[in-house]
Amino acid sequence: MSKAWVLVGVAWLGVTSVAMAAEQTLRIDPTASAVSFTLRSTLHQVEGRMVVSRGEIRFDTGTGEASGEVVLDARQITTGNEERDEKMHRKVIESGRFPEIVFAAEQVTGDLPTSGEGRIELRGTVTVHGAGHPVTLTARVTREGDHLHAVAAVPIPYVEWGMKDPSVLVLRVAKEVNVALDIDGRLSP
């Protein structure tokens, strides 16, 4: 009977070791990460930047489980035009009331390479303007040792998500903003 328990214990340790090997944490480096956006309008295309405040994503490619969050400072969103930025902050994103944009990770699929390039899909919820919305990020990732670089793009239907349409008279603005993420960080088991 004791041999059976020893075998069960060894098997459990083996399964636990395999499962733990797949669990990882990505600690995002805000100073090396960038988030930009583009918004089409009838007169021109608006380009802007967002600031990553902090971020940490825990994930297990074996089980697909993911948690953690990436936080953007909504108060620091800029387009390079002070008048437009003031109107955007006051009337569209209302950054005084909603100072953060948060992506909360929920599920991951794909294979993270031990080195080189790969693709992963990260599903979760973006909370912006006081409400949560499901999103899926398909990221191209490059890994060198514990360093991970991820690039993804996602369209955000901001008007559908409850923000004001800034269109006026002949100036028509797209109802969707394209967000590009360029994320840098360190992996740890």
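Projecting the Cα atoms of SER36, PRO166, VAL51 onto the charge dipole of the chain, computed from C-beta unit charges around the Cα centre, puts PRO166 farthest toward the positive end.
Grab the chain and count how many Lys pairs have their alpha-carbon atoms under 25 Å apart, sequence gap of 8 or more, or different chains. If you can, show how the numbers build up before the last one.
Values: LYS87/LYS164; LYS87/LYS175; LYS91/LYS164; LYS91/LYS175; LYS164/LYS175.
Lysine pairs, 8 or more places apart or on different chains, close enough: 5.
Spatial offset of region 114-184 relative to region 68-111 amounts to 11 Å, using the alpha carbon center of each.
When the accessible area of the chain is computed with all protein chains present and a 1.4 Å probe, what percentage of it is carbon and sulfur? Don't jump to the answer; show the numbers that get you there.
Numbers: 6300 of 10960 Å².
Heavy-atom surface of the chain belonging to carbon and sulfur, 1.4 Å probe: 57 percent.
Shown here: the chain, whose C-alpha atoms stretch 82, 30, 23 Å along the first, second and third principal axes, sorted largest to smallest.
With all protein chains kept in place, the per residue accessible area of the chain amounts to 58 square angstrom at a probe of 1.4 angstrom.
Rounded to the nearest 10 square angstrom, LYS164 shows an accessible area of 110 square angstrom against a 1.4 Å probe.
The values are calculated or read from the model by the stated rules, or taken from the named source; none is laboratory data. Just so you know, these numbers come straight off a predicted model, no measurement behind them. Note that each Cβ is placed from the backbone with ideal geometry, even for glycine, and that neighbours are counted across all protein chains shown. What goes into the accessible areas is simple: the full protein's heavy atoms, side chains included, and nothing from ligands, DNA or RNA. Shrake-Rupley method; radii C 1.70, N 1.55, O 1.52, S 1.80 Å.
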